[in-house]
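Heads up: the structure comes next, in C-alpha cells.
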Amino acid sequence: MYDMEYLTSQLKKRVSSKRFIHSLGVSETAEKLAKLYNAPIEKAKIAGLLHDYAKDLQDDEAREYIVQFGLKLDDVLKFDINLAHGQIGAELIKRELNISDSDILNAIKYHTTGRENMSILEKIVYIADYIEPSRDFPGVDELRQAAFSNLDEGILLALDKTITYVVKKGKLLHLNSILARNSIIVNRNKSL
Ligand SMILES: [Fe+2]
Ligand SMILES: [Fe+2]
C-alpha cells in the first residue's frame, strides 16, 4: 500500500502550484483510464501523480542529479535536458520516496518520449498527461474521446501531434517517439 497523502505532500514541495494541479489531474485521469482498461489502478494514480516530479528542476540541478545518479543520456536528451525529466524523476522517486515498482518507475521514465512496446501503464500515463482536465489546446477533446474509446488510437493521435509539433518548432525528435508510434501501428495491424 502506498501513502497517497504523503506522496502528494512530497510532490508539492518539488513542483510549482500550476504543475501540482496538473499532476493531480494526471493522477485522476490515469485512475479513470486504468479502471476502463483493466490496468492496476493504484499504480496508475501514483505514476500519474509523480510523473513530473523532476520537471521544475533548474537545468544545473538536473545536470547535477544526472552526474550523481550516473544516468547515461543519449544525444537528444543531452541536447534538450528538459526531455530528461522523466528519467531523473524516476531516479529521484526511487531514492526519496522509496518507490521501487519498476512498472511505476518506467511509466514515469518514459512519459516524455514514449518508447517501443509501451506497457499499459506507460500508455495510460503518457496519454493522461495530455488530456487531464486542465489541458486546453486545439484538438484536446478529440484526443480525450479517442483515449477513452481506444487507448492505442489515443496514444497514436498524441504521438502524431507531438511529432508534428516538434518538427514544426524545429526541435529535436526523440527516436523513442518514432519507435513508440511504429510499434503501435505494427501491433494494431497484427491484431486485425
Ligand atoms: Fe512531463
Ligand atoms: Fe506532465
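Please treat every number below as a calculation from the coordinates, not as lab data. Only a predicted model underlies this, so the values are computations on that prediction, with no experimental measurement involved. FYI the Cβ positions are ideal-geometry reconstructions off the backbone, even for glycines, and counts take in every protein chain you see.
Taking the chain as a Gaussian network of alpha-carbon nodes connected by springs under 10 Å, the highest mean-square fluctuation of the residues Gly170, Gly86, Gly154 belongs to Gly170.
Strictly over 19 Å apart at the Cα level, which of Lys55/Lys78; Lys18/Lys109; Lys55/Lys161; Lys43/Lys94 would you flag in this model?
Listed pairs above 19 Å: Lys18/Lys109; Lys55/Lys161.
Think of the chain as having a plus end and a minus end, set by charges on the Cβ of Lys, Arg, Asp and Glu; of Ile120, Thr164, Thr29, Thr164 sits farthest toward the positive end of this dipole.
Other residues with beta-carbon under 12 Å from the beta-carbon of Leu143 carry, at +1 per Lys or Arg and -1 per Asp or Glu, a net charge of -4. Select from Ile131, Ile163, Ile88 the residue whose mean-square fluctuation is largest in a Gaussian network model of the chain (Cα-Cα springs shorter than 10 Å). Of the options given, Ile163 has the highest mean-square fluctuation. In units of the compact-protein estimate 2.2 N^0.38 Å, the chain shows a Cα radius of gyration of 0.97. Using the Cβ-Cβ distance between Ser119 and Ser17 with R0 set to 25 Å, the FRET efficiency works out to roughly 0.20. Among Leu73, Leu50, Leu156, the largest mean-square fluctuation in a Gaussian network model of the chain, built with springs joining Cα atoms closer than 10 Å, belongs to Leu73.
Rounded to the nearest 500, the 222 nm mean residue ellipticity of the chain from helices alone is -21500 deg cm²/dmol, with -39,500 (n - 2.57) taken per DSSP H run of at least 4 residues.
By how many nm would the segment from Tyr2 to Glu153 grow when fully extended, if each residue of separation counts as 0.36 nm and the alpha-carbon distance is taken off? Don't skip to the answer; put the middle values down first.
Working: separation 151, 0.36 × 151 = 54.36 nm, distance 3.11 nm.
Computed gain between Tyr2 and Glu153 is 51.3 nm.
Across segment 4-190, the mean sequence separation of Cα contacts (distance under 8 Å, 6 or more residues apart), normalised by length, yields a relative contact order of 21 percent.
With a/c under 1.5 counting as rounded, go ahead and sort segment 92-192 into rounded, prolate or oblate using the C-alpha gyration tensor (a ≥ b ≥ c being the square roots of the eigenvalues; past the cut-off, prolate if a/b is larger than b/c, else oblate). It is rounded, given that a/c, with a ≥ b ≥ c, falls under 1.5. A Cβ-based charge dipole, computed about the Cα centre of segment 4-190 with Lys and Arg at +1 and Asp and Glu at -1, lands at about 160 debye.
Taking packing as the residue-averaged number of other Cβ atoms within 10 angstrom, the listed peptides 112-120, 182-190 run from highest to lowest as 112-120, 182-190.
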